[in-house]
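Here the structure comes first, spelled out in structure tokens, and everything after it is commentary.
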Amino acid sequence: MFLRGPSGSGKSTLLSLVAGVVTPQVGVVRVLGRDLGALGSVERDRFRADHIGFIFQMFNLIPYLSVVENVSLPCGFSKRRRARARESVQAEAVRLLEHLDMAAADVLRRPVTELSVGQQQRVAAARALIGAPELVIADEPTSALDVDRRAAFIDLLFRECAREQAALMFVSHDASLAPLFDRAIQFTELNRAGVPSAGPPAVARGIA
């Protein structure tokens, strides 16, 4: 699913709701059949660690860890994702990085603070994909990539999601990417469709 909308349209709010970072004031958000609002904060954290891979717009990499250690990190928080790695966790991390042109030996051992912005973005993508989460959420993941690397990056996302039958929610301002996806949603249309005559905010009602 491709999601596009201007700043302030509710993209970040929607992603936070789907990831269980916040809970809805009105309505129900169900992911993989689970009502996230009915879970406690610890249960939502566990659910997110086990089932959702998140590519953050600002990457959120750990500065004192190497590239491989950053990619492997989700498997340290989730036994489920660690068990789903098809090889060892480190081998799986290297495989994903190789697909993103990041598998050179000197790069793998380098602190992420020494990487370019585009390289950091690819590390963040590999981290989200490791352990085969059922849902991958990508928040503006191609903003720092050139045209060739953007194409390789999206190809990797599609192939990895297809390989594991995972859903992909992809947020971007780049309208040219929309035809690549099974479904494209404009937030302006979503919010307009969800506006009630009176009641809760449009975005909350639209996803209920």
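List the GluC sites (Glu not before Pro) in the range 73-149 that DSSP assigns to loop (not H, G, I, E or B) and whose Cβ has at most 14 other Cβ atoms within 10 Å. Which are they?
87
Can you sort 62, 137 by solvent-accessible area, 1.4 Å probe, largest first?
62, 137
In a GNM of the chain with a 10 Å cut-off on Cα contacts, which of 141, 74, 63 has the highest mean-square fluctuation?
Taking springs between Cα atoms under 10 Å, the residue moving most is 63.
Would you work out the relative contact order for the range 64-150, in percent, from Cα pairs under 8 angstrom that are 6 or more residues apart?
Relative contact order here is 40 percent.
Given Cα pairs under 8 Å that are at least 6 residues apart, what percent is the relative contact order of the chain?
32 percent
Once amide H atoms are built 1.01 Å from N in the peptide plane, which residues 5 or more positions from residue 55, or in another chain, come under 5 Å H to H?
Those lying under 5 Å, H to H, from residue 55 are 137, 138, 139.
What chymotrypsin sites (Phe, Trp or Tyr not before Pro) does the range 9-114 have in DSSP loop regions with at most 13 other beta carbons within 10 Å?
Counting only loop positions with at most 13 other Cβ atoms within 10 Å, the chymotrypsin sites (Phe, Trp or Tyr not before Pro) in the range 9-114 are 64.
Could you check which residue among 144, 128, 19 shows the biggest mean-square fluctuation in a GNM of the chain with a 10 Å Cα cutoff?
In this elastic network of the chain, the residue with the biggest mean-square fluctuation among 144, 128, 19 is 144.
So between residue 183 and residue 116, what do we pick up on full extension, going 0.36 nm a residue minus the alpha carbon distance?
The span from residue 183 to residue 116 would gain 20.9 nm if fully extended.
Show me the trypsin sites (Lys or Arg not before Pro) within the range 95-179 that DSSP assigns to loop and that have at most 14 other Cβ atoms within 10 Å of their Cβ.
109
Per-residue ellipticity at 222 nm for the chain, helices alone: DSSP H runs ≥ 4 residues times -39500 (n - 2.57), over residue total, nearest 500 deg cm²/dmol?
After summing the helix terms and dividing by residue count, I get -13500 deg cm²/dmol.
Please list, by residue number, everything in the range 136-173 whose backbone N is under 14 Å from a paramagnetic label point 7 Å out along Cα→Cβ of residue 101.
Residues 144-156 fall inside that zone.
Run the simple label-point estimate for residue 151 and residue 164 please: 7 Å along Cα→C-beta, distance reported in nm.
2.6 nm
Given points 7 Å out from each Cα along the Cα-Cβ axis, report the residue 65 to residue 43 separation in nanometres with one decimal.
Here the modelled spin labels are 2.7 nm apart.
With Rg/Rh (Cα atoms, Kirkwood Rh) as the read-out, I listed [x] 1.03; [y] 0.98; [z] 1.10; which label goes with the value calculated from this structure?
[y]
Hey, rough spin-label estimate for residue 109 and residue 173, points 7 angstrom out along Cα→Cβ, what's it come to in nanometres?
4.0 nm
The values are calculated or read from the model by the stated rules, or taken from the named source; none is laboratory data. Just so you know, these numbers come straight off a predicted model, no measurement behind them. Quick reminder, even Gly has a Cβ in these numbers, built from the backbone with ideal geometry, and neighbours come from all protein chains shown. For accessibility, only protein heavy atoms count, side chains too; no ligands or nucleic acids. Shrake-Rupley method; radii C 1.70, N 1.55, O 1.52, S 1.80 Å.
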